[in-house]
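Everything below concerns the one structure shown next.
We did not get these values from a lab; they are worked out from the coordinates using the rules stated. Everything quoted here is computed from the prediction, not taken from an experiment. Note that each Cβ is placed from the backbone with ideal geometry, even for glycine, and that neighbours are counted across all protein chains shown.
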Amino acid sequence: GLACLSGWLPKSITKMRPAWKDQLLPTYWKGKKAGVRGGVQILVGHGMKDEVVPFKLGRRLFKHARKMGFSVVEMHKYDMGHGLCNREFHDLRIFLDRIIPNPITPLEERYGVPASEWK
């Protein structure tokens with residue numbers, strides 16, 4: 001996953017088809033979509049009053065990431081300038097808890113493939 005807080009995507013690359021684009025589309029395990037790891041997930045957080053990186057640049061990043069085929073793209077806007085607030089930290093924590101696997105979860109449950117079929 002990727003969290004982009006008060007960031008942007010340079011306009012020069014928004015028209016390009018990067019060589020790695022195909023690697024960011026959903027991943028598969030033995031021909032089946034690999035559960036929650038169906039692709040790269042992105043969180044975009046941006047202050048609506050950002051005086052350093054204008055909000056419209058964060059919005060452009062959000063829209064372009066969706067067009068590129070990322071599996072989950074979230075945009076959270078905050079009533080603040082360039083910085084971090086408690087709500088943004090809270091949203092980031094929820095995002096990270098969702099995309100970072102719980103080490104206690106059995107891999108069979110996580111990937112939907114019995115361990116006996118792993119090679």
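Distant-in-sequence amide contacts of V44, defined by a placed amide H-H separation under 5 Å and a gap of 5 or more residues or a different chain, comprise C4, E74, M75, H76. Counted by Cβ distance under 13 Å from V73, the other residues give a net charge of +4, where Lys and Arg count +1 and Asp and Glu count -1.
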